[in-house]
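The values are calculated or read from the model by the stated rules, or taken from the named source; none is laboratory data. Bear in mind the structure is a predicted one, so any value in this text is a computation, not a measurement. Using ideal geometry, Cβ is built from the backbone for each residue, glycine included, and neighbour counts are taken over all protein chains shown.
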């Protein structure tokens with residue numbers, strides 16, 4: 001039995017107080033910046049208090065939350081990948097450079113699906129079946145005994161979990177949405193996946209799964225300063241206030257970051273607010 005927790009990066013835990021100002025490489029200096037501060041659950045009261053302190057130095061400022069917009073089927077995505085370029089998993093062993101001593105490959109060959117565990121450039125274990133789920137279960141079972149790069153794909157395939165793109169939920173309270181997909185959109189407040197996997201009898205027991213709900217909003221743009229955004233007031237669930245967003249004149253960016261950076265374990269960054 002394996003406990004699989006797939007946390008989809010909704011909360012950032014910093015090991016120390018850090019903040020960075022990020023500039024778009026090669027872009028001219030901007031007059032206005034979007035400052036983004038993200039705090040873990042135990043620091044959110046302090047983050048909201050800091051929001052009140054920065055308002056005198058901002059053009060606009062608000063709390064916000066992370067949500068996921070469902071944009072596709074994980075089963076369909078896996079089937080497409082296997083049929084085209086195949087599923088590949090490669091170990092990273094020296095810095096960020098892949099070392100090809102162990103690799104996992106799943107690909108479609110004719111009407112069959114073929115899985116290979118490759119070591120030193122040569123197939124070490126091979127499994128062939130006309131059923132893709134059968135092949136993915138084989139990989140999950142092997143991964144219990146051999147440290148291989150693939151193994152959780154069976155969870156996504158079997159449960160057909162939604163694929164999410166992340167968006168900011170901001171309380172505009174005007175029913176608006178910025179993103180590339182036509183409404184209604186499917187939105188989840190928590191995209192964490194937690195399951196128990198029993199490869200020996202090919203069973204998955206869900207513990208926590210995302211539950212996207214339809215949201216009918218008015219699409220007003222492709223993005224909001226380079227980010228997907230949905231009106232928090234239009235969502236049928238309570239949004240966790242995990243962020244502070246602020247539009248800040250360049251002369252006040254340093255002051256705003258200084259105030260926000262006093263929140264324990266916060267991460268802060270600033271981006272040129274040049275795109276809508």
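Going through segment 38-60 one residue at a time, which ones are under 15 Å from residue 252 (Cα atoms) and in a loop (DSSP other than H, G, I, E, B)?
If the condition is that a residue be under 15 Å from residue 252 (Cα atoms) and in a loop (DSSP other than H, G, I, E, B), then 58, 59 are the ones that fit.
Which one of these is over 24 Å from residue 52 (Cα atoms) and touching a helix residue (DSSP H, G or I) at 6+ places or on another chain (Cβ under 8 Å): 244, 266, 197?
Going through 244, 266, 197 in turn, just one is over 24 Å from residue 52 (Cα atoms) and touching a helix residue (DSSP H, G or I) at 6+ places or on another chain (Cβ under 8 Å): 197.
Tally the residues that are farther than 19 Å from residue 235 by Cα, buried (at least 17 other Cβ atoms within 10 Å of the Cβ) and within 16 Å of the chain's Cα centre (by Cα), restricting the search to segment 153-195.
3
Being closer than 30 Å to residue 140 by Cα, modelled with pLDDT of 95 or more and crowded, with 17+ Cβ neighbours inside 10 Å narrows it down to one residue among 210, 199; which is it?
It is 210.
Where residues in segment 94-113 are in a strand (DSSP E or B) and at pLDDT below 55, which of them is surrounded by the fewest Cβ atoms within 10 Å (Cβ to Cβ)?
Filtering first and then ranking leaves 94.
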